[in-house]
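Questions regarding the structure given below will be posed in turn.
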Amino acid sequence: MPLTSTESAPPPAIAAVGLTKAYGGRTVLDGIDLTVPEGTVFALLGPNGAGKTTVVEILSTLVPADAGAVRVAGHDLVREADGVRAAIGVTGQFSAVDNLLTAEENLLLMADLHHLRRREGRGRAAGLLRRFDLAEVAGKPVATFSGGMRRKLDLAMTLVGDPRIIFLDEPTTGLDPRSRRTMWELIEGLVQEQGVTVLLTTQYLEEADRLAGRIALLDGGRIVAEGTAEELKRRIPGGHLRLRFAAPADLRAAAALFDYASPDAEALTLSIPGDNSVVTVKAVLDILDSASVRAQSLTVHTPDLDDVFLTLTAEGAR
């Protein structure tokens, strides 16, 4: 199936139709479709073995697909593979840095691989060291670096070639919370300041929620859901208001006012299912007020990406 774009809309950074891949008779990708707009973060979310890394390997020309039509940065993945490689950068699950070299030497090596002139390569390396807060350790061997510093250097090396599209395959795996947030800020800066497109694979639900404009949930080689984080959350039931009361009598009086409420006598709380809109919250408070029942507190609970993940994937079904 050919991939085309209309004159009114710019072509997407990545467009794939019917992407299929099998290994040894086992289907890893079963005809997935992907559209990633330019200058956005698109997250592939899914359990281990869902096929996330295989998608990255195919789109970055590392392995061929068995079937499907793909364009990356406007180039056909098969016929114009060199054009694809010139436009992309890849940061894999494991750091590709050389432990025996310094941070600066790793960046200069990448500059040489990209055939940059000596002055240009040194300038780009120095700029990336400053940007990633590695200038003070530029001359130290990477073997002495922490996990967070290594991942920052790994991402900096990906940027030496000034890619338009970056594939980040679980880039924060194994990092502590502080280092993970630092990486998030760096990724956000790339998109907002430079207009880079990022395809991110992750198992961290908070990471996808924070970074991605759109999320595709991959499971068993198929995309089982796609949308913004809020759109995905709205697909899952479970939103409710939780009222807490000071006395059992107040709880019983409130429970009598709502047909589908669930009281918890021990916690003195009442859960009322609903869409958690302002209108719904006001209606609940008006009903309590008209019955002269006072709640001690009210909290709004909505499904999160954990609920989406567990509900829509086979992992949750198991």
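Please go through the range 243-314 and write out the trypsin sites (Lys or Arg not before Pro) that DSSP classes as loop and that have at most 10 other C-beta atoms within 10 Å.
Sparse-neighbourhood loop trypsin sites (Lys or Arg not before Pro): none present.
Continuing with the same structure: Work out how much length T20 to E206 would gain on full extension: take 0.36 nm times their residue separation and subtract the Cα-Cα distance, in nm to one decimal. Mind showing how you got there, number by number?
Numbers: separation 186, 0.36 × 186 = 66.96 nm, distance 2.86 nm.
Here the answer is 64.1 nm.
Hey, another quick one. If the cut-off is a Cα-Cα distance under 18 Å, which aspartates and glutamates reach K282, setting aside same-chain residues fewer than 8 apart in sequence?
Reachable aspartates and glutamates: D259.
Please build a GNM for the chain, connecting alpha carbons under 10 Å apart, and tell me which residue among T197, T299, T27 fluctuates the most.
Evaluated over the chain, the most mobile residue of the options is T299.
Also: What FRET efficiency would be calculated for the residue pair E136, T35, taking the C-beta separation as r and a Förster radius of 51 Å, to the nearest 0.05? The partial results should precede the final answer.
Details: r = 42 Å, r/R0 = 0.82.
My answer for the efficiency is 0.75.
Can you list the lysines whose alpha carbon sits under 26 Å from that of K52, skipping same-chain ones fewer than 8 residues off?
K21, K152, K233
Please report, in cubic angstrom per residue, the volume enclosed by the convex hull of the alpha-carbon atoms of the range 248-307. Mind dumping the intermediate values first?
On the way: hull volume 5.7 nm³, N = 60.
So the per-residue hull volume is 95 Å³.
Give the Rg/Rh ratio for the chain, taking Rg as the radius of gyration of the Cα atoms and Rh as the Kirkwood radius, to two decimals.
Numbers: Rg = 24.6 Å, Rh = 22.4 Å.
In the chain, Rg relative to Rh is 1.10.
Counting other C-beta atoms within 10 Å, and keeping those with at most 14, which DSSP coil chymotrypsin sites (Phe, Trp or Tyr not before Pro) do you find in the range 216-318?
Values: sites: F245, F258, Y260, F309; in loops: F245, F258, Y260.
Within the range 216-318, the qualifying chymotrypsin sites (Phe, Trp or Tyr not before Pro) (loop, at most 14 other Cβ atoms within 10 Å) are Y260.
For the chain, what does the helix formula give at 222 nm: sum of -39500 (n - 2.57) over DSSP H segments with n ≥ 4, over the residue count, nearest 500 deg cm²/dmol?
Numbers: 12 runs with 117 residues, N = 318.
Estimated from H runs of four or more residues: -10500 deg cm²/dmol.
Based only on Cα atoms, what mean projected area does the convex hull of the range 77-165 have, in nm²?
Values: hull surface 24.0 nm².
If I average the Cα hull's projected area over directions, I get 6.0 nm².
A further question on this structure: Calculate the spin-label point distance for T299 paired with N48, positioning each point 7 Å from the Cα along the beta-carbon direction, and give it in nanometres.
Once both label points are built, they end up 3.2 nm from each other.
For a quick check, take a GNM of the chain with Cα springs below 10 Å and name the residue from T201, T182, T158 with the largest mean-square fluctuation.
T182
At 0.36 nm per residue, minus the direct Cα-Cα distance, what do A267 and V279 gain on full extension? Give it in nm, one decimal, please. Numbers along the way, then the final one.
Working: separation 12, 0.36 × 12 = 4.32 nm, distance 2.63 nm.
Using 0.36 nm per residue and subtracting the Cα-Cα distance, I get 1.7 nm.
Please state the Cα pair-distance histogram of the range 122-196 with 5 angstrom bins from zero: what percent is in each bin?
Calculated P(r), rounded to whole percents: 3, 15, 28, 27, 19, 8, 1.
Read the figures in this text as sums done on the coordinates, not as results from a lab. Small disclaimer: the values here were computed from a predicted structure and weren't measured. When we count neighbours, we look across all protein chains shown, and the Cβ atoms used for this are built from the backbone with ideal geometry, even at glycine.
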